[in-house]
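Nothing in this text is a laboratory measurement; each read-out follows from the coordinates by a stated rule. As the structure is a prediction and not an experimental result, all values here were calculated from the model. Note that we place each Cβ from the backbone using ideal geometry, even for glycine, and neighbour counts take in every protein chain shown.
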Amino acid sequence: MIISEKKKQELENIYQSFLHDERILRMKDISMHRGSNCYVHSFKVAKLAIKRALRHKKGNLVTILLAAILHDYYLYDWRIDKSKRRHHMGSHPYVAARNAERDFGIYDSVKKAIQSHMWPVNFTDFPKSKEARIISNADKTIYLKEIVCSKRYKKKREEKYLKRIEFLFDKEK
Ligand SMILES: [Fe+2]
Ligand SMILES: [Fe+2]
């Protein structure tokens, strides 16, 4: 999909406003797979989801961007809060959707995409829209990439990751 410079700028502005939003920055404190954290993970999913949507000419780009950034906005660390551990896998999409609705007033298609991103773990919540399927697939790709990396490189990777998510559309070199 070829998008206009104006549309590109609009998406980049949304991305940047979330990247520096205080409420979103709290996700940095939530550890994730192998040295990643919730903040880095979510923006990596957002970049990949937008890239795929453009490549396959699919979906509403703003919906994809918002749902990707907010898909894991559950705001607790189950590694610290043990009471959350047992049901985390299945319940966190609904917690994230609720928090996102409360803090950012998201619309319905964004909410549905967030809620269904854990399919097939949540077997009955199939991602019905194109946008939801893109989010769910991009999340799985990023998750797999994160878990195959060794913990030994944790620090190096954190710095590298922060650099990589600086912009939605990487500057041409
Ligand atoms: Fe998730
Ligand atoms: Fe995720």
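The amide H of residue 37, built 1.01 Å from its N in the peptide plane, has 32 as neighbours under 5 Å, considering only residues 5 or more places off or on other chains.
Amide H contacts of residue 125: none lie under 5 Å away among residues 5 or more positions distant or on a separate chain (H built 1.01 Å from N in the peptide plane; Pro and chain starts excluded).
Mean-square fluctuations from a GNM of the chain, with a 10 angstrom spring cutoff on Cα atoms, peak among 103, 139, 125 at 103.
Applying 1/(1 + (r/R0)^6) with R0 = 30 Å to the Cβ-Cβ distance of residue 29 and residue 2 gives a FRET efficiency near 0.20. Mean residue ellipticity, 222 nm, helices only, the chain: the sum of -39500 (n - 2.57) across DSSP H runs of n ≥ 4, divided by residue count and rounded to 500, is -18500 deg cm²/dmol.
What helices in the chain pass both tests, a Cα length along the helix axis of 27 Å or more and a mean Kyte hydropathy of -0.5 or higher, using whole DSSP H runs? Span-like helices, by this rule, are 130-148. The gain in end-to-end length when the residue 82 to residue 163 segment is fully stretched comes to 26.0 nm, 0.36 nm per residue minus the alpha carbon separation.
Label 7 Å along Cα→Cβ of residue 107; the range 42-78 residues with amide nitrogen under 13 Å? Inside the label zone: 60-67.
In the range 42-140, which trypsin sites (Lys or Arg not before Pro) are in a loop and have at most 13 other Cβ atoms within 10 Å, using DSSP for the loop call? Please list the in-between numbers first.
Details: sites: 44, 47, 51, 52, 55, 57, 58, 79, 82, 84, 85, 86, 98, 102, 111, 112, 128, 130, 133, 140; in loops: 57, 58, 79, 85, 86, 128.
Of the trypsin sites (Lys or Arg not before Pro), the ones in loops of the range 42-140 whose Cβ has at most 13 other Cβ atoms within 10 Å are 57, 79, 85, 86, 128.
Every Cα-Cα pair of the chain was included, and the share exceeding 28 Å stands at 17 percent.
Give me 126, 104, 18 sorted ascending by neighbouring Cβ count inside 10 Å, so fewest comes first. Don't jump to the answer; show the numbers that get you there.
Numbers: 126 12, 104 17, 18 21.
Going from least to most buried by this count: 126, 104, 18.
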